[in-house]
Amino acid sequence: MEDIKTIDIMNYPNQIKEIPYNFNDWEEWRKVCTTTFKPFFPLGRFPQTPEELEKHKHLFGTAFYPYETLDDFIAAMDKEGYDRVCISAVKMWSYRTSFKLIFDFTIDQVNDLVKRSKGRIIGAAGYNPFRIKESLENIEKAVKEYGFKFVYLHSISFGIPFNDKKLYPLYGLCDALNVPVSVQTGHSAEALPSWVGNPMDMDEVVMDFPHLKINLSHTGYPWIDEWMDLVWKHENVYGDISAYMPDSLDPKLLAFIASGKGNSKVMWGTNGLGLGHGKHQIMKMDMKDKYKENILRNNALRFLGLES
């Protein structure tokens with residue numbers, strides 16, 4: 001089939017080197033080099049010198065070895081067949097180590113990328129449940145003044161479940177503004193809480209906000225049955241398979257996204273792990289061409305309200 005002009009529903013500002021970020025600054029990230037992300041890091045740590053970067057050339061184009069400029073990133077989007085990429089001003093907390101924000105990207109940093117990309121970057125705001133008033137003000141500004149299309153919530157790094165009262169102001173504002181919310185579900189690859197990532201805690205939220213579109217990001221692993229249940233059950237609940245290579249997904253999850261139960265609701269996102277490999281794996285999968293188009297493009301357009 002012909003190439004599909006893909007939408008990446010899940011990416012971060014540090015995919016581009018113009019927005020500086022040092023993974024080595026945080027113990028949570030350093031741990032992944034010897035645990036969940038160990039296969040990617042032959043040195044057992046993030047590269048720090050040109051010589052070490054040479055040993056990590058396989059990571060070029062990821063958030064760990066980012067593009068130098070926005071222009072370079074746009075060129076990579078064109079090469080790999082991406083129409084638009086969603087980049088979020090995500091807030092992520094150090095739960096046990098430094099008690100600071102590991103990720104603290106701003107709406108202004110993201111908006112700069114949005115403006116300079118001439119429509120190729122879609123902005124998403126973040127939310128800090130420890131700074132509710134400030135977060136709500138930023139979200140309203142991001143949506144009304146900057147045209148951001150959704151909010152990405154990394155609640156599990158704060159150690160709170162999806163139905164926690166600290167998150168209800170976010171859900172209420174997004175419901176009023178008619179913008180979706182995306183949340184990381186499932187386990188944390190970093191040394192951060194996983195027990196609050198069970199997607200089933202979102203069931204109560206959906207009942208309270210039935211018109212709010214919600215994306216359950218990162219497959220919900222290891223609670224993939226619960227993840228599939230919510231995506232299938234609720235009209236306004238979507239899911240994305242970012243943070244995983246499609247070829248490595250559980251067979252029942254692959255069957256779900258290639259079936260009528262899940263195919264109109266599941267989206268693709270790179271999670272900063274590179275534009276090429278994951279998309280190419282989906283393009284090669286044994287499923288209907290229309291289903292591939294839904295995963296790579298159509299479902300994201302519908303989630304973001306951009307069908308027209």
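Here are the numbers:
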| quantity | calculated |
| --- | --- |
| Residue within segment 47-70 that is more than 21 Å from the chain's Cα centre (by Cα), surrounded by 20 or more Cβ atoms within 10 Å (Cβ to Cβ) and not in a strand (DSSP E or B) present | yes |
| Test: residue in segment 32-41 that is assigned to a helix (DSSP H, G or I) and modelled with pLDDT of 95 or more | yes |
| Residue selected from segment 259-284 under the condition farther than 17 Å from I87 by Cβ and among the polar types (S, T, N, Q), by the criterion surrounded by the fewest Cβ atoms within 10 Å (Cβ to Cβ) | S259 |
| Segment 36-94, residues that are among the polar types (S, T, N, Q) and either closer than 15 Å to Y21 by Cβ or touching a residue at least 40 places away in the same chain (Cβ under 8 Å) (or both) | T36, Q48, T62, T69, S88, S94 |
| Among the residues listed as F40, F99, F103, the single one being surrounded by fewer than 18 Cβ atoms within 10 Å (Cβ to Cβ), within 21 Å of G159 (Cβ to Cβ) and aromatic (F, W, Y) | F99 |
| Residue ID - surrounded by the fewest Cβ atoms within 10 Å (Cβ to Cβ), chosen from residues in segment 119-142 that are of a type in the set (A, V, I, L, M, F, W, C) and in contact with a Phe, Trp or Tyr (Cβ under 9 Å, 6 or more places away or on another chain) | F130 |
| Residue list for segment 162-179, filter: closer than 20 Å to F103 by Cβ and within 19 Å of the chain's Cα centre (by Cα) | F162, L167, L170, C174 |
| Flag for F256 being out of contact with any Ser or Thr (no Cβ under 8 Å at 6 or more places or on another chain), touching a residue at least 12 places away in the same chain (Cβ under 8 Å), among the aromatic types (F, W, Y) and crowded, with 20+ Cβ neighbours inside 10 Å | yes |
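The values are calculated or read from the model by the stated rules, or taken from the named source; none is laboratory data. Just so it is clear, the model here is predicted, and its values are computed rather than measured. When we count neighbours, we look across all protein chains shown, and the Cβ atoms used for this are built from the backbone with ideal geometry, even at glycine.
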